[in-house]
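Colleague: Would you mind keeping the following structure in view while I ask a few things?
Since every read-out is calculated from the coordinates, none of them should be taken as a lab result. For clarity, every value in this text was computed on a predicted model and none was experimentally measured. Every residue, glycine as well, gets a Cβ built from its backbone with ideal geometry; the counts of neighbours run over all protein chains shown.
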């Protein structure tokens, strides 16, 4: 930090340690049917939301994210779950969307003010919040209201799945929306609310100056007593 600030001059790096995570090979493309899927929501029902982490379909999820999401695939760190949504076309199941969830950022001003919890409560209970890191409707899928429908379904099943995998529930969901690219209509249609905006500085900022786009912070309580549950420091 002092070197970056120009206060000291460090010698040149003599050896760079290999980091297998940093050098991870990107997911390879997988051959799947890309015939357009159109029509109404009822025409592709029933839609199956499949949790694919640590399953045989996880490579398919990773590949679809890598090659069709504008941010590409990113290996999550910490607690996380991955979902593939399957819809029916002519009686055959086909992947239509991918949704990724992970541990929430430790410090997020607009969210923390909305919840109203103390620093100690946040430190103890941050694990009860899940962060929607990626949401992808596959580019050949054009079905009105599909995105908000999937978000509504996720809100009803995510906490149970999280508790089954990690031993604790989820009380609150959050995500970022880049207003330069998206309006966040599907989140708002699924009852997510605007909590505020990011500072544009990122978690590793040392300059206190914006260095990236400012994003909207949206959230969705999963429990009517979410504030009380997240404020309890004895959990």
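Colleague: Would you kindly work out the equivalent ellipsoid of segment 5-126 from its C-alpha gyration tensor and give its semi-axes, the square roots of five times the eigenvalues, largest first in whole Å?
Modeller: So the equivalent ellipsoid measures 37, 25, 13 Å along its semi-axes.
Colleague: Grab the eigenvalues of the alpha-carbon gyration tensor for segment 37-231, scale each by 5, take roots, and send me the semi-axes largest first in whole angstrom.
Modeller: Numbers: eigenvalues 163, 73, 54 Å².
Gyration-tensor ellipsoid for segment 37-231: 29, 19, 16 Å.
Colleague: When the helices in the chain are scored as -39500 (n - 2.57) per DSSP H run of 4 or longer and the sum is shared across all residues, what 222 nm value do you end up with, to the nearest 500 deg cm²/dmol? The partial results should precede the final answer.
Modeller: Working: 6 runs with 57 residues, N = 235.
Per the formula, -7000 deg cm²/dmol.
Colleague: Test of understanding: ordering 128, 226, 182 by Cβ neighbours within 10 Å, fewest first, what list do you get? Provide the component values of the computation, followed by the final result.
Modeller: Working: 128 21, 226 18, 182 13.
Ranking 128, 226, 182 by Cβ neighbours within 10 Å, fewest first, gives 182, 226, 128.
Colleague: Based only on other Cβ atoms within 10 Å, what is the fewest-to-most ordering of 101, 117? Can you show the working numbers first?
Modeller: Working: 101 26, 117 20.
Ordered by Cβ neighbours within 10 Å, fewest first: 117, 101.
Colleague: Still on this model: Quickly rank 83-92, 142-151 as a protection proxy: mean count of other C-beta atoms within 10 Å, highest first.
Modeller: On the way: 83-92: 15.9, 142-151: 17.7.
So the peptides 83-92, 142-151, ranked by packing, come out 142-151, 83-92.
Colleague: Then there is this: From the Cα gyration tensor of segment 103-204, with a ≥ b ≥ c the square roots of its eigenvalues, which class applies: rounded if a/c is under 1.5, or else prolate if a/b is larger than b/c, or else oblate? List each step's numbers first, then the result.
Modeller: On the way: a/c = 2.11, a/b = 1.30, b/c = 1.63.
Oblate, because a/c is 1.5 or more while a/b does not exceed b/c.
Colleague: Within a 10 angstrom radius of the beta carbon, how do 154, 1 rank from fewest other beta carbons to most? Mind dumping the intermediate values first?
Modeller: Working: 154 23, 1 8.
Listing 154, 1 from fewest to most nearby Cβ atoms yields 1, 154.
Colleague: A further question follows. Specify the angular offset, from 0 to 90 degrees and rounded to the nearest 10, of the alpha carbon long axis of helix 58-68 from the longest principal axis of the alpha carbons in the chain.
Modeller: Once rounded, one gets 80 degrees.
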